Amino acid sequence: MYGNYNGYPYFKRNCSNPNCLNPNCQCGDNCHCNTEHNCQPLEYKKPGIYPRLQIIYFNPPIKEVPQAEYPKISLKAVMGPNSYVIGDVHVEDDVMIGWNNLIRADSSSPYFIGKKTNIQDFAVIHCHPSQHIEVNGKKYGVYIGEEVSILHHAQPHGPLYIGRNTFIGEGVSIYGATIGKNSVIMHGATIANHVKISEGRFVEPGQTVWKQDQADQLPPVPAEFKNLNQEIVDHYYRLGKAYRMHTKLFI
């Protein structure tokens with residue numbers, strides 16, 4: 001069944017069963033979907049609202065993102081209280097999503113979050129409507145590579161690419177950028193205007209980078225910070241697993 005939004009057709013869910021995991025179900029009030037017909041593969045966390053208020057849910061269809069999709073969060077990822085993941089977000093193995101994070105692919109999609117990345121607390125990940133960045137021939141609203149650290153209160157906003165082994169400090173604000181691998185973006189920095197930062201670059205605390213010539217002049221990561229991100233990645237990988245194993249706070 002298709003709906004219409006400002007002249008744009010979209011697929012409209014027609015199902016009253018709260019346990020149905022098919023975002024495009026057309027069964028109406030007599031839903032016959034079961035685990036055999038479940039469109040969500042078993043290697044991903046089940047969508048829904050969890051006791052500690054983790055929410056894994058499909059995006060509502062609108063003009064910019066007309067297809068409703070559930071997040072695909074690996075069973076080997078961990079997710080803390082009051083964190084929400086909405087829409088077509090692929091989260092790979094051993095990702096740690098901490099407390100009170102919001103990741104929503106409802107204005108542009110899909111998103112990708114690579115293995116062993118940590119997203120700590122109170123981070124917001126979103127993307128400008130209908131904008132994308134291309135990675136290996138595929139368009140993404142947000143693409144975050146493997147072993148990236150995103151610290152507390154950071155706001156990575158797409159269209160955005162963050163390369164492997166990159167450190168995004170506390171309170172960093174990003175609105176449209178390509179950030180190369182092995183980079184360090186220190187606390188309170190601002191990056192905007194779709195600048196491209198080469199791999200292995202260093203942004204000082206509080207520095208603003210919004211012109212390409214500013215990005216081109218960034219220095220290499222100083223020796224004292226070269227191992228910073230890997231130390232954080234290792235710590236949060238172990239911390240997330242410990243919370244999942246020894247407490248009921250994480251799913």
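Before moving on, here are some points about what is shown:
- Taken along the Cα-to-beta-carbon direction at a fixed 7 Å, the label points for His246 and Asn227 span 2.5 nm.
- Per-residue HN-Hα couplings for region 186-194 [Karplus 6.51, -1.76, 1.60; θ = phi - 60°; Hz; x = Gly/Pro]: 7, 4, x, 6, 10, 10, 8, 6, 6
- Cβ crowding within 10 Å averaged over residues, with 181-192, 236-247 ranked highest first: 181-192, 236-247
- Length gained when the stretch Lys138-Glu199 is fully extended (0.36 nm per residue, less Cα-Cα span): 19.9 nm
- Computed magnitude of the charge dipole of the chain (debye, nearest 20; Cβ of K, R +1, Cβ of D, E -1): 400
- Relative to the longest principal axis of the Cα atoms of the chain, the long axis of helix 228-246 makes an angle of roughly 30 degrees.
- Exceedance of the 31 Å cut-off in Cα-Cα distance is limited, within the set Lys181/Lys248; Lys226/Lys248; Lys45/Lys226; Lys76/Lys226; Lys45/Lys138; Lys45/Lys196, to Lys181/Lys248; Lys226/Lys248; Lys45/Lys226; Lys45/Lys196.
Only the coordinates and a few stated rules stand behind these numbers; no lab work does. All figures in this text were calculated on a predicted structure; none of them were measured in a lab. Cβ: placed from backbone, ideal geometry, glycine included. Neighbour counts: every protein chain shown.
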